[in-house]
1. For Arg164, are the conditions met, namely being within 23 Å of Leu95 (Cβ to Cβ), within 24 Å of the chain's Cα centre (by Cα) and not assigned by TED's automatic domain parsing to the domain that holds Gly68?
2. Do we find that Gly121 is of a type in the set (Gly, Ala, Ser), closer than 30 Å to Val72 by Cα, touching a residue at least 40 places away in the same chain (Cβ under 8 Å) and surrounded by 15 or more Cβ atoms within 10 Å (Cβ to Cβ) in this structure?
3. Looking at the range 14-48, which of its residues are β-branched (Val, Ile, Thr) and either surrounded by 15 or more Cβ atoms within 10 Å (Cβ to Cβ) or in a strand (DSSP E or B) (or both)?
4. Yes or no: Glu96 under 28 Å from Ser170 (Cβ atoms), in contact with a helix residue (DSSP H, G or I) (Cβ under 9 Å, 6 or more places away or on another chain) and not assigned by TED's automatic domain parsing to the domain that holds Gly148?
Amino acid sequence: MRALRVVGLHEDGKSIVCEDPASRDRFLLPADERLRAAARGDITRLGQIEIELESQMRPREIQTRIRGGESVEQVASSAGVPVQRVERFAYPVLLERSRIAEIAQQAHPIREDGPDVQTLGEIVAYAFGTRGQDYTQSTWDSWRGDDGKWVVGLHWRAGRSENRAHWSFSPGAHGGTVVALDEPAEALLDPHAHRTPRTLRSISPEDGETPESDQPMLDYHGTGQQGATVIEAPIPEPEEDDTTEFPRIPPEEQADGSSAHQGKQAVKGRKGHPTVPAWEDVLLGVRSQRG
């Protein structure tokens with residue numbers, strides 16, 4: 001064991017600079033509570049600090065959480081321990097996750113009639129090509145789900161959107177099998193799939209079918225072709241006591257202004273309601289001549 005000598009306090013104010021007298025190599029020693037306890041010779045306090053750190057996050061728990069998909073930074077932040085402490089236990093698990101993601105790309109997706117002949121990596125690469133996206137920019141990852149099975153994830157960026165697809169991976173012979181867990185994963189497995197467009201029914205009768213609208217189709221130009229559907233305006237039925245009377249005016253009274261005025265007054269209904277227009281008035285916009 002080499003002996004070091006203290007040079008001084010580091011410029012960050014949180015570390016002590018130590019030096020090897022023989023090689024002149026310098027080291028940084030964190031000036032934390034453990035160092036202060038060691039400088040005081042407080043062995044009891046040093047033991048308590050170690051127990052507190054171990055109780056916060058044991059190595060097995062660190063590896064379990066990393067295997068479950070968490071990052072080193074997430075585990076260190078939630079446990080309140082330095083990242084360096086998590087890294088030394090997480091490194092083997094991160095290698096395992098990377099290896100499983102690599103193996104899963106050689107797995108065969110499950111179809112309705114059984115496993116596909118092509119592998120997951122081949123199908124996804126082809127799907128990216130049909131979309132005009134760069135497959136080399138995507139990243140694969142894997143982790144264990146809550147049910148203990150491996151989940152394989154693919155992350156890629158398209159424009160400004162972040163995309164992720166997930167499959168359930170079952171290791172086995174010939175690379176194992178995968179099953180899509182979400183819609184992006186299903187879409188990548190079937191690049192040529194497309195949504196069936198909605199069928200729009202024509203309003204013109206074809207092959208003896210009746211149009212959806214029951215309104216008459218009129219030809220205004222005499223071309224024999226049907227135009228748009230004419231929507232009839234509802235015409236209220238006149239009340240029984242509002243029947244309009246149109247009295248005949250004798251020829252000899254037409255010259256008389258007073259008689260003509262009285263004839264105009266007789267056009268109104270009994271309760272002063274306006275006369276109800278006839279059908280041809282509404283349709284053609286003209287006033288019919290009634291005797």
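1. On the way: within 23 Å of Leu95 (Cβ to Cβ): yes; within 24 Å of the chain's Cα centre (by Cα): yes; not assigned by TED's automatic domain parsing to the domain that holds Gly68: yes.
So Arg164 fits the description; yes.
2. Criteria not met by Gly121.
3. Pass one, the range 14-48, residues β-branched (Val, Ile, Thr): 16-17, 43-44.
Ile16, Val17 - these are the residues of the range 14-48 that are β-branched (Val, Ile, Thr) and either surrounded by 15 or more Cβ atoms within 10 Å (Cβ to Cβ) or in a strand (DSSP E or B) (or both).
4. Values: under 28 Å from Ser170 (Cβ atoms): yes; in contact with a helix residue (DSSP H, G or I) (Cβ under 9 Å, 6 or more places away or on another chain): yes; not assigned by TED's automatic domain parsing to the domain that holds Gly148: yes.
Yes, satisfied.
The values are calculated or read from the model by the stated rules, or taken from the named source; none is laboratory data. It should be emphasised that the depicted structure is a prediction, and the values quoted were computed from it without experimental measurement. As a convention, Cβ positions derive from the backbone with ideal geometry for all residues, glycine included, and neighbour counts pool all protein chains shown.
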